[in-house]
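The values are calculated or read from the model by the stated rules, or taken from the named source; none is laboratory data. The model shown is predicted, which means the values in this text are computed figures rather than measured ones. Positions of Cβ are backbone-derived with ideal geometry, glycine not excepted, and every protein chain shown enters the neighbour counts. Protein only, heavy atoms only, side chains kept; ligands, DNA and RNA dropped before computing areas. Shrake-Rupley method; radii C 1.70, N 1.55, O 1.52, S 1.80 Å.
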Amino acid sequence: MNILIIHQGALGDFIVSLPAIAAVRRSHPGSSVEIWGYPDILRLVEGRFYADAIDSINQEGMSRLYSEQASAPEALVARIRRFDPVILFGGDLQGTFADNLRKHGIRDVYRISSFPKEDGITHVIDHQLSQLSEMGIPAAGGVPELFPSREDEQHARHFFDTHVIEPDDFTVAMHIGSGSRKKVWPPDRFARLAETLFTRRGARVVVLTGPADAELEREYRDRTPSGSGLMLNCHPLPELAAILRRCSVFVGNDSGITHLAAASGVPVVALFGPTDPQVWGPRGNDVTILGGGTACSPCSREKMQSCVHQKCLEEIAVDEVYEAVVQGR
């Protein structure tokens, strides 16, 4: 059996789908699984249990399948016909995509709604797992897990050796960004946290940033008089996951990188404000979630976008985060 999974989500969206993808994988032993989506993200799972092969969603003619009454190129349709079943993760547009596949004679198509209703309290992972019964797949294992390759682990060892980070060092990874500035703990708080960790515990701080974090990185650097820590920018995700796995603890906002950290196995301290951790919180073997101390938190997406001051995040104290980071370590 050749199974095709199509997932166009961003990093965090993809990580929370791993338990559902794992259930598909385990329910069809010996089958081949191919995943289409964004290659930079999918490399996390290529040849690492979940996927035997990956490909980009940005193939010629693919966009037509999201339009009603559309006709896709025959070469693309012929390629998709090789798979049975086809499983689509996503929102409402995936309904149109599925209908178009069926019009082209591809019958065994299933949809997994990626996001629960905004007014609900069901965790996004449980929401996705609950939909597997349509395919006769038992829902088990609600914690995402990544499986680094030998090359990933070798890269992580090289990274630690290059920067003279010893195995018994207290190494704290921090991601100061998020998909939205509205979900970001103030950069000056991260800077104060880094200073406190260094002065009180001699911690080695590794600060992660991405292509959208340039402004946050400047603000962070401006507020760290004794140095910014080790800055790690735009690192390939499989290698980054292996690096995080070797750290003592990770602290970050509600972001894809925080979900990545939890799935890598490192203890995680996650800072939540406008979003609901009961629905969107990272899952892992050791996850602590801080926040939610204001009456308005969590709030709707519309209220979050219109909010001027994120009191829900600003009221998370540096000492509170520090204690969570060092507790038991």
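Over the C-alpha atoms of segment 201-329, the Rg to Rh ratio, Rh being the Kirkwood estimate, stands at 0.95. Pairs of Lys residues in the chain are counted when their Cα atoms are under 20 angstrom apart and they lie 8 or more places apart or on different chains; the count is 7. Over all orientations, segment 139-248 has a Cα convex hull whose mean projected area works out to 8.5 square nanometres.
Of the accessible area of segment 180-288, computed with a 1.4 Å probe over protein heavy atoms only, carbon and sulfur atoms account for 46 percent.
Using the Kirkwood radius over C-alpha pairs as Rh, can you work out the diffusion coefficient of segment 264-325 via Stokes-Einstein at 37 °C, viscosity 0.692 mPa s, in µm² per second? The estimated diffusion coefficient comes to 265 µm²/s. Each Lys or Arg adds one and each Asp or Glu subtracts one; over the other residues with Cβ under 10 Å from the Cβ of VAL321, this totals -1.
Rg over Rh for segment 200-274 works out to 0.95, using Cα positions for both radii and the Kirkwood form for Rh. Once both labels are positioned 7 Å from their Cα atoms along Cα-to-Cβ, the gap between ASP188 and ILE57 label points is 3.9 nm.
Each Lys or Arg adds one and each Asp or Glu takes one away; over the other residues whose Cβ falls under 15 Å from the Cβ of VAL172, this sums to +2.
When the Cα convex hull of segment 60-212 is projected onto planes of every orientation, the mean area is 14.5 nm². Grouping the Cα pair distances of the chain into 10 Å bins from zero gives a pair-distance distribution of 6, 25, 31, 23, 12, 3, 0 percent in increasing distance order.
Remark: segment 144-216 carries 47 Å² of accessible area per residue (probe radius 1.4 Å; ligands, DNA and RNA excluded). Placing dummy labels 7 Å off each Cα toward the beta-carbon, the span from ARG81 to GLU118 is 4.2 nm.
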